[in-house]
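All remarks here apply to the structure that follows.
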Amino acid sequence: MTLSSLEAPAVASARPDRPGVTELRLAAFATHRRVRFPLGPLTLVAGPSGSGKTSALRAYEALARLGSGAELGEVFPAPATCVPERARPDAQQRRGFRIGCTVDGPEGPVRLDIAVQAEPELRIVGERLTMGGLTLLETALRDPGRPVVQAAWHTGGSSAVTRGPLPDDRLGTALLPLRVSGRTAGECQVLAAAEQMVLALRSVYACDPSPRLMRAPAPFGSGLLLRGCDNLAEVLWRTRAECGRRHAQLVAAVGAGCAGSVNDVLSELLGDGTIRAFLDRGDGARTELGLLGDGELRYVALALVLLTGPGVLAVDQAGEVPAALQTLTVLTDGLDRCLDARQTGELVRLAARMCERGHIRLVGTLSDASWALGVPGVSVVEL
């Protein structure tokens, strides 16, 4: 794996105001062993089919869901598929996988690494949270007969650590704010690091627009764009009314990526209570979104994602933290799927402009990103 970027990263004079994942580690996961993925504001993971692009995003999304408090079984419904190929069971017939990440933010770089047992039963058997070489949280499975792990977190008071049990089906880092009182400087350090990690992991939106689902009129709902973007028409109805400036940017982006002239992107309420979207071509001509090609539909949906924010996307937003201190990370597998070279280039350039502002990050996969080396602000990880 190699990393290339048009712009060399500058030495930071100050810590980032918004936490963000800067490295994904797959110590042993699916086809990956001892792999590190450096992540910038806009990262494209490229490689041929079977190189592990999808599994890398799968691991990232799994960490995000665990950071949001999801149970292990919900995150890994088929855990055996995450075990590295040819991994042999130990004497107790146990097999598993290991993943982790680094989050940089106001507290500095914080590392999280977890070991998951996939067989014979799914459980977290080890977790470590570190910062600046100091271990803030460490867990280990001591008694296989009990559904808990033994945890030790940094105290820094009269005793170096505090010990206690944590459940083996949830991420311990996400549970620390409920277990650590913050009475000592060490415990405050643990809480700050854990909260930075959880905030960065929670702020993730995995998006995979499905043209088949977007063609039909959408019913009224929450107004939040779903993962498959099947309610695209409803969300376009909402965003056009809420922010004229952003809608004008969307119209310009759609015009750059779709065939023919585009004067506006509109939605209308049908008699059965559903909403249909269409492109205004000018002179009274219009094209329903359902008549667009697969590539055009995916392009429109992804452009909308990049030009909106957590309030419009179906994402687990941290309501207790001001929006100005959060960064949304969009995960898109197959960013160039169904798109031609022109559409892919326009979409990546739009993403670069939006990621430069700091409120959004993007990690996407595609088969070939050699052309993206000429786009400012784009980092390319080649598998």
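The values are calculated or read from the model by the stated rules, or taken from the named source; none is laboratory data. What you see is a predicted model; the values in this text were computed from it and never measured. Cβ placement follows ideal geometry from the backbone for every residue including glycine, while neighbour counts extend to all protein chains displayed. Each accessible area value is taken on the protein alone, full model and side chains, heavy atoms only, with ligands, DNA and RNA left out. Shrake-Rupley method; radii C 1.70, N 1.55, O 1.52, S 1.80 Å.
Just a few scattered comments:
- Carbon + sulfur, % of accessible area of the chain - ligands and nucleic acids excluded, 1.4 Å: 52
- Angle between the chain longest axis and helix 185-202 axis [Cα atoms, degrees, rounded to 10]: 30
- Pairwise inverse Cα distances across the stretch 220-265, averaged and inverted, put the Kirkwood hydrodynamic radius at 11.4 Å.
- Three-way shape call for the stretch 211-358 based on the alpha-carbon gyration tensor, with the a/c threshold at 1.5: oblate
- Kirkwood-type hydrodynamic radius, the chain: 22.2 Å, calculated from all non-identical alpha-carbon pairs.
- Rg and Dmax of the stretch 36-126, Cα atoms only, in Å: 14.5, 44
- Applying both filters, DSSP loop and at most 13 other Cβ atoms within 10 Å, to the trypsin sites (Lys or Arg not before Pro) of the stretch 143-239 gives R183.
- Relative to the compact-globule estimate of 2.2 N^0.38 Å, the Cα radius of gyration of the stretch 201-246 comes out at 1.23.
- The heavy atoms of E195 offer some 100 square angstrom of accessible surface to a 1.4 angstrom probe.
- The Cα trace of the stretch 75-165 gives Rg and Dmax of 15.2, 47 Å, the first to one decimal, the second as a whole number.
- Accessible area per residue, Å², the chain with all protein chains present, probe 1.4 Å: 44
- The stretch 252-302 shape via C-alpha gyration tensor axes, a/c threshold 1.5: oblate
- Summing +1 for each Lys or Arg and -1 for each Asp or Glu among the other residues whose beta-carbon sits under 13 angstrom from that of L213 gives 0.
- Seen against the Cα atoms of the chain and their longest principal axis, helix 341-356 is set at about 60 degrees.
- If you look at the Cα atoms of the stretch 142-279, you get an Rg and a Dmax of 24.4, 71 Å.
- Relative to the longest principal axis of the Cα atoms of the chain, the long axis of helix 294-307 lies at roughly 60 degrees.
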